[in-house]
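Have a look at the structure below before the remarks.
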Amino acid sequence: MLKVTNSKISLDQLSAYRERCKEEFAQKADQVIILVGLGTCGIAAGGAPVMQAIQDELLVQAEAIKQRALDVVVRSTGCAGMCEAEVMVEVRRPGGHRTMYGQVKPDLAKRIFVEDVVGGNPVEDLIVHREEPGVKPGGVLAKQLRIALDNCGYIDPEVIEHYIARDGYTGLERALSGMSSQEVVEEIKRSGLRGRGGGGFSTGLKWEFTHKAPDEKKYVLCNADEGDPGAFMDRSLLEGDPHAVLEGMIIGAYAVGADEGYIYCRAEYPLAINRLRLAMKQAEEKGLLGENILGTGFSFDLHIKEGAGAFVCGEETALIASIMGARGMPSPRPPFPAQRGLWAKPTNINNVETWANVPRILARGSDWFAGIGTENSKGTKVFALAGRIKKTGLVEIPMGLTLREIVFDIGGGIQYDRPFKAVQIGGPSGGCIPESLLDTVIDYDSLIRAGAMMGSGGMVVVDETTCMVELARYFMKFVQSESCGKCVPCREGTKQMLSIMERIVSGKGEPGDIGLLEELSAVVKEGSLCGLGKTAPNPVLTTLRYFRHEFEAHVEDHRCPSGVCRALMNFFIDPEKCRGCTRCSRICPVGAITGESKKPHSIDADICTKCRLCLEKCRFEAIIV
Amino acid sequence: MNERSFPKINQIIDIWERKVSNLIPILQEVQKEYRYLPEEVLTYVATALGMPLATVFGVATFYAQFSLEPKGKYIVKICDGTACHVRGSEVVDYIIRKKLDLSEGQDTTDDLSFTVERVACIGCCGLAPVITINDQEVYGQLTTEAAEIVVEDLLKRNAAGEVH
Ligand SMILES: Cc1cc2nc3c(=O)[nH]c(=O)nc-3n(C[C@H](O)[C@H](O)[C@H](O)COP(=O)(O)O)c2cc1C
Ligand code: FES
């Protein structure tokens, strides 16, 4: 019988311990496991009361459970990636029968408990996904391949034994069982893994630089700053499978010769930070982290640093400055962190998702990993699919899939079946890709050719209700306010670009504006110190490239074709369509809408603040802009 | 003024080993204590760490998380990340400010009960638009009605004197 002891394990005990974990956590024949998704999104959607309802029901149904000789286990798990279906509840039966229910409320949780768990009859109308042993998963998962997210939504992230039972710490075991640090670096090089934090630099090569640096003291860092305002891959990974990131970092520290490391995590992710802290404590207790890891003599000391809200701190040199307690300002490279990083020591920095891939590569071999993906982009990439799409969530796909497959096959297409307009990739450093380029394959190089970039994996889909010019202004505003101000092209250039963009969306665009934007873009791109400035014009440039007509409509005709830019709009009510239901006049916060019940209403343009509330409220499409 | 002692702050500084490199976590905890960073406290921290006030000030003003102005008891963060932006965070913002009687450019109510902030991505983009209250409660897929209900509930809680 497994003793879940807190004592340290040695290298030669690890695989026996893993077998015991597997035995202990293998699902017994009479066992029904109920999992409730309690990541940040699950909680946001009301996960806690659902969990409570299930626990209550466990007591209420105690007799029935006993009669049927069932062993019902309730657990929490991380994000399964299907955000729009939160709260998710899974009923898992032995042998790999998984039934996932979506949009569960406490009363529905009760139904699931009574009908499925106890009664054995799935609640068909609530099922969002189903897996049967030996059958390739269909639906949203059909085109996905889960490597980094493998455990997310499957294990309880707060129990280290769950991770170990899923072949966790096998990669570390292999690295420490006779592989030299050089060999580990080689293995990662051969896998073809490239950084998932945006730049796409070869991870193996980067490790080699730090590995070769002559200093005694070295550091490894995990970039969990996830600054792209439309991305949440790293959060879900940290919340759903923190040990994968830890294991990756421990392997990386061994490979480059570091004995200390930091995880720099956004303060906006409190749950991720808590889970990381817990995971670190568990790993230390087991002898997997800290002094004398697995009794091999290799030590690695890990700390967490919370960010304080600055996008630029995601840039590696700024992140290092911030760990040292200073303003997070980037510095010119070279010297690269591999030469002179944290406290002026050689430092290897990788992104959360990059780290999470490492243990899998070590465990399954570089050939396996290099067999997935395209010529120059290996493995998978996690994307955060959001915006005006039916199925929002996290998707992990093998490199080489097309954007169309992601948006339509996995994401289910646009909400309310409206026409697709663009997909924004790479956040404030990336760009928007139009319908005509939807067949672009996802790999680092193709996306750059299309004018966007892989970025960290934010993918926001927009439809005709989004004005592309306004969206470009939104990103400009973002980078302008996040520019740290150190270099002039970025500080002043983004400011000028923003003021032109604001002029355009408020209907005051002037004939030369588009040309001026293009000119400024070139200066900011060329002259800026760090990646923030160098990529800041991208959203504007791709919009100019693919949606120039929208720009021209704003500048030349003072018209917003999407009906979004307030200053360019007038609201009025179509008397033919208005039924006088008074919904609009009741919601209008400024009292601009008047009219008698059951008679057409009207809007006083002088009072109207164009807040769009009436537009949202009207059920008869009577509000015209 | 400089003779005033701040036992709680001393404690925080001690926990962080009086290290200059821990300035950010120190300020974070001080802010948890006061809900903002009062100027005399910044002076105190600078002296205690033996660093120029200008440097402490520089750090405190660099990071969005720090506030040199008093904040409300309830901090409502409205996500204006990309996903929330394209799914109507603007309207949610409008409703919430309206309900809390905040005028243009004002972020904190006069009685220091509520502060409304716009933040970039809370990491729940799949549930956009999203808001959080005191970083503890997260509300997603907000419609205008839902936003109104959340604020009304908050007003009630505030009136009932519940402290978070
Ligand atoms: C302005 C700016 C913001 C960045 N933000 C992030 C971020 O939030 N997360 C991240 O992993 N990398 C970010 N990066 C990239 C990092 O500088 C660095 O390349 C990355 O952490 C390296 O890890 P990787 O090789 O594993 O991708 C950013 C870069 C720039 C220029
Ligand atoms: S954009 Fe709002 S949560 Fe990400």
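The values are calculated or read from the model by the stated rules, or taken from the named source; none is laboratory data. Just so you know, these numbers come straight off a predicted model, no measurement behind them. Ideal geometry is used to build each Cβ from the backbone, glycine not excepted, and the neighbour counts take in all protein chains shown. Just so you know, the surface numbers come from the protein's heavy atoms only, side chains and all, with ligands and any DNA or RNA stripped out. Shrake-Rupley method; radii C 1.70, N 1.55, O 1.52, S 1.80 Å.
Go through the range A:200-234 and give me each residue that's crowded, with 24+ Cβ neighbours inside 10 Å, within 11 Å of ligand 1 (Cβ to nearest atom) and not aliphatic (A, V, I, L, M).
Passing the criteria: A:T203, A:K206, A:W207, A:C222, A:N223, A:D225, A:E226, A:G227, A:D228, A:P229, A:D234.
Identify the single condition in (1) open to solvent by less than 60 Å² (accessible area, probe 1.4 Å); (2) more than 16 Å from ligand 1 (Cβ to nearest atom); (3) under 30 Å from A:L271 (Cβ atoms); (4) assigned to a loop (DSSP other than H, G, I, E, B) that A:I164 does not satisfy, given that it satisfies every other one.
A:I164 satisfies all of (1) open to solvent by less than 60 Å² (accessible area, probe 1.4 Å); (2) more than 16 Å from ligand 1 (Cβ to nearest atom); (3) under 30 Å from A:L271 (Cβ atoms); (4) assigned to a loop (DSSP other than H, G, I, E, B) except (4).
Only one residue in A:L246, A:L238, A:L271 is at pLDDT 95 or above, within 16 Å of ligand 2 (Cβ to nearest atom) and either assigned to a helix (DSSP H, G or I) or more than 30 Å from A:A308 (Cα to Cα) (or both), so which one is that?
Working: A:L246 fails: within 16 Å of ligand 2 (Cβ to nearest atom); A:L271 fails: at pLDDT 95 or above.
Only one candidate passes the filter, namely A:L238.
Among the candidates A:A384, A:A356, single out the residue that is surrounded by 24 or more Cβ atoms within 10 Å (Cβ to Cβ) and in the same structural domain as A:A422 (by TED's automatic domain parsing).
Values: A:A356 fails: in the same structural domain as A:A422 (by TED's automatic domain parsing).
Checking each option against the conditions leaves just A:A384.
So that you can scan it fast, the table gives a plain yes or no per residue for (1) within 16 Å of ligand 2 (Cβ to nearest atom); (2) in contact (Cβ under 8 Å) with a residue 60 or more places away in the chain:
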position: A:A310; (1), (2): no, yes
position: A:S322; (1), (2): no, no
position: A:G325; (1), (2): no, no
position: A:G328; (1), (2): no, yes
position: A:R340; (1), (2): no, no
position: A:W368; (1), (2): no, no
position: A:A384; (1), (2): yes, yes
position: A:K390; (1), (2): no, yes
position: A:F420; (1), (2): no, no
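Residues of the range A:387-423 being open to solvent by 10 Å² or more (accessible area, probe 1.4 Å) and either within 14 Å of chain B (Cβ to nearest Cβ) or on the phi > 0 side of the Ramachandran plot (or both), which ones?
Result: A:R388, A:K390, A:K391, A:G400, A:G412, A:Q415, A:Y416, A:D417, A:R418, A:F420, A:K421.
May I ask you to list pairs of residues, at least six apart or on different chains, whose Cβ atoms are under 6 Å apart, with the first in the range B:44-65 being within 12 Å of another protein chain (Cβ to nearest Cβ) and under 19 Å from B:P7 (Cα atoms) and the second being open to solvent by less than 50 Å² (accessible area, probe 1.4 Å) and not polar (S, T, N, Q)?
B:V45/B:V56
I'd like the full set of residues that are buried (at least 18 other Cβ atoms within 10 Å of the Cβ) and either free of Cβ contacts under 8 Å to residues at least 12 places away in the same chain or of a type in the set (A, V, I, L, M) (or both), limited to the range B:91-101.
Residues satisfying the conditions are B:V91, B:V92, B:Y94, B:I95, B:I96, B:L100.
Could you tell me whether the range A:430-439 includes any residue that is in contact with a Leu (Cβ under 6 Å, 6 or more places away or on another chain) and either part of a helix (DSSP H, G or I) or open to solvent by less than 10 Å² (accessible area, probe 1.4 Å) (or both)? Steps first, answer last, please.
If we filter the range A:430-439 for residues that are in contact with a Leu (Cβ under 6 Å, 6 or more places away or on another chain), which is where we start, we get A:438.
Checking which are either part of a helix (DSSP H, G or I) or open to solvent by less than 10 Å² (accessible area, probe 1.4 Å) (or both) leaves us with A:438.
The answer is yes, given that some residue of the range A:430-439 is in contact with a Leu (Cβ under 6 Å, 6 or more places away or on another chain) and either part of a helix (DSSP H, G or I) or open to solvent by less than 10 Å² (accessible area, probe 1.4 Å) (or both).
Have a look at A:V117, A:V135, A:V140, A:V128 and point out the one that is on the phi < 0 side of the Ramachandran plot, over 25 Å from the mean Cα position of the chain (by Cα) and not in a loop (DSSP other than H, G, I, E, B). Break it down stepwise before answering.
Values: A:V135 fails: not in a loop (DSSP other than H, G, I, E, B); A:V140 fails: over 25 Å from the mean Cα position of the chain (by Cα); A:V128 fails: over 25 Å from the mean Cα position of the chain (by Cα).
Exactly one of A:V117, A:V135, A:V140, A:V128 is on the phi < 0 side of the Ramachandran plot, over 25 Å from the mean Cα position of the chain (by Cα) and not in a loop (DSSP other than H, G, I, E, B), namely A:V117.
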